[in-house]
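Everything below concerns the one structure shown next.
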Amino acid sequence: MLFSMYFGAGNLIFPPVLGVEAGENFAPAIIGFLGGGVLLPVLGIIAIAVSGTNVRHLAARAGVVFGIIFPVVAYLSIGAFYALPRTGAVSFSTAIQPLTGWDSLAASAAFNFVFFGVALLLASNPSRLIDNLGKILTPILLVLLVVLIVLSIANFSDTPNEPNEQYADAPLAGGFIEGYLTMDSIASLAFGIVVINALRSAGVKPGRKLLGGVISAGAIACLLLGLIYVGLGVIGLRIEGGEQFEDGAGLLAYTAGSVLGGPGQAVFGAIVMLACLTTAVGLIAASSEFFNYLLPGVSYRAWTIIFTLVSFVLAAAGLETVLNIAAPVVEFIYPPAITLILLTLVEPMLRGKFFFYYTFRVAIWTAVAWSAMMSLSGLGLSFLEPVISWAPMHDVQLGWVLPVAIAIVVGVIADAIRPHEPPARPGHPGPAEQDREVVSSPGATASHPAA
């Protein structure tokens, strides 16, 4: 289930392009991609389980203001206002238009009506997501992907190209950036509530067993994602003339036609459709469960309808304006999100010697400030460039790492000098609390998974 929610159209088309552009530096580039696109998202799921049931419990570690604003921005940016409508738009443009030649607002609206109707139906009962996605749609998606990858590798054997500028000098960093721009690290913060509730409704008891279940699900998803990404990357590495394609979608469409003949385009369309559909189902369920938790006066089912309608309208009308607005927001929230995840996972390693209080606040707000300056500089406020350009790795969008690392050191020193009592967090596991609930939210029970 978790693999299928992660694996959308963007995940499908990024690795082949990396294979083409990295060329001879493919190995370090794909390792970096797996770090940003596989390891970080799985760590995000585990961080949610450690801190509570959802991203609000996680974000509250950085203070009240951040604990409210960040989760809402994260869910909306990877949900109804960006990634969710994109699943329908990409499915239509990649899987339907090439086969039918349809290119009108009416055709787009008709397709997206059916697409989001099916997604709404599958997401209507969150306790059945494991069956709907994990046992039905995911195996079909995996079979199609494996067939395409194996046949492509068997038929293509071109010599790798020279790496382009992005992967010539720092292929590991370049691959990492491509991996975390899949948005799966942010999506993992949203999907955490779905995975935890699905495990609970399946009978897994709260506490260390539930945390172990989340880690196991994350490990399986990590393995599947890694294998598929490497296979797709090798297609781009070995295909002849890969640089002539504008994007990964065109490259894979050509690949499917080459190795599968006439039906190849239909097979590729089915892969794209399933990848987008499973991600749409996951995003509808995750967004609805979170906002039902935030505003329990509005039911889970009502939220699924609201987010589905918003996504349908945006996908049918076109996403260009929405993407132009939302993309900078998504890039902006990555540094604080990654900082939050890593600190949450590091703190338990201290075994209760002291707790991160100032560390979370100083580091997170440093990440927020630095990321804001990076985003504003990219939007044209050039006077900010001298302020941030001194930082190492600024040219590969990782200039925030050193300032945040310094902030973490400052925060740790402050926490060591003036320690705080452990905060009252949902499911915060003390070192001797073997059976304490790792997950607990107000009113949540196995019989009411959407609480």
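The values are calculated or read from the model by the stated rules, or taken from the named source; none is laboratory data. Everything numeric in this text was worked out from a predicted model, so none of it was measured. Here the Cβ is made from the backbone with ideal geometry for all residues, glycine too, and neighbour counts use every protein chain on show. To get the accessible areas, we keep the full protein, side chains included, count just its heavy atoms, and leave off ligands, DNA and RNA. Shrake-Rupley method; radii C 1.70, N 1.55, O 1.52, S 1.80 Å.
Of the residues M183, A202, F156, the one whose Cα sits farthest toward the positive end of the charge dipole of segment 73-210, with +1 on the Cβ of Lys and Arg and -1 on the Cβ of Asp and Glu, is A202. Charge dipole (Cα centre; +1 on Lys/Arg Cβ, -1 on Asp/Glu Cβ; no other charges) of segment 329-421 amounts to roughly 320 debye.
Taking the helices alone, the chain has a mean residue ellipticity at 222 nm of -22000 deg cm²/dmol, built from -39,500 (n - 2.57) per DSSP H run of at least 4 residues and averaged over all its residues. 3J(HN,Hα) along segment 209-217: 5, 5, 4, x, x, 5, 4, 5, 4 Hz, from the Karplus curve 6.51 cos²θ - 1.76 cosθ + 1.60 with θ = phi - 60°, whole Hz, x for Gly and Pro. Around the amide H of G79, modelled in the peptide plane, lie the amide H atoms of L84, all under 5 Å away and 5 or more residues distant in sequence or on another chain. For segment 85-172, the Kirkwood hydrodynamic radius comes to 16.8 Å, computed from all pairs of different C-alpha atoms. The phi-based Karplus calculation (6.51 cos²θ - 1.76 cosθ + 1.60; θ = phi - 60°) puts the 3J(HN,Hα) values of segment 377-391 at 5, x, 8, x, 7, 5, 5, 7, 4, x, 5, 10, 6, 5, 5 Hz, whole numbers, x for Gly and Pro. Remark on segment 18-124: ratio of C-alpha radius of gyration to 2.2 N^0.38 Å is 1.47. Nonpolar atom fraction for segment 4-95, defined as the carbon and sulfur part of the 1.4 Å probe accessible area, stands at 77 percent. The chymotrypsin sites (Phe, Trp or Tyr not before Pro) of segment 319-414 meeting both criteria, a DSSP state outside H, G, I, E and B (loop) and at most 11 other C-beta atoms within 10 angstrom of the site's C-beta, are W390. One equal scatterer on each Cα of segment 138-213, no solvent, Debye formula: the resulting log10 I(q)/I(0) at q = 0.12, 0.17, 0.26 Å⁻¹ is -0.70, -0.97, -1.07. Given +1 at the Cβ of Lys and Arg, -1 at the Cβ of Asp and Glu and no other charges, the dipole of the chain around its Cα centre is 1980 debye to the nearest 20. Couplings 3J(HN,Hα) for segment 291-300, derived from phi with the Karplus relation 6.51 cos²θ - 1.76 cosθ + 1.60 (θ = phi - 60°), are 6, 5, 5, 6, 10, x, x, 9, 5, 4 Hz, where x marks Gly and Pro. In the distance distribution for the chain, Cα-Cα pairs more than 44 Å apart total 10 percent.
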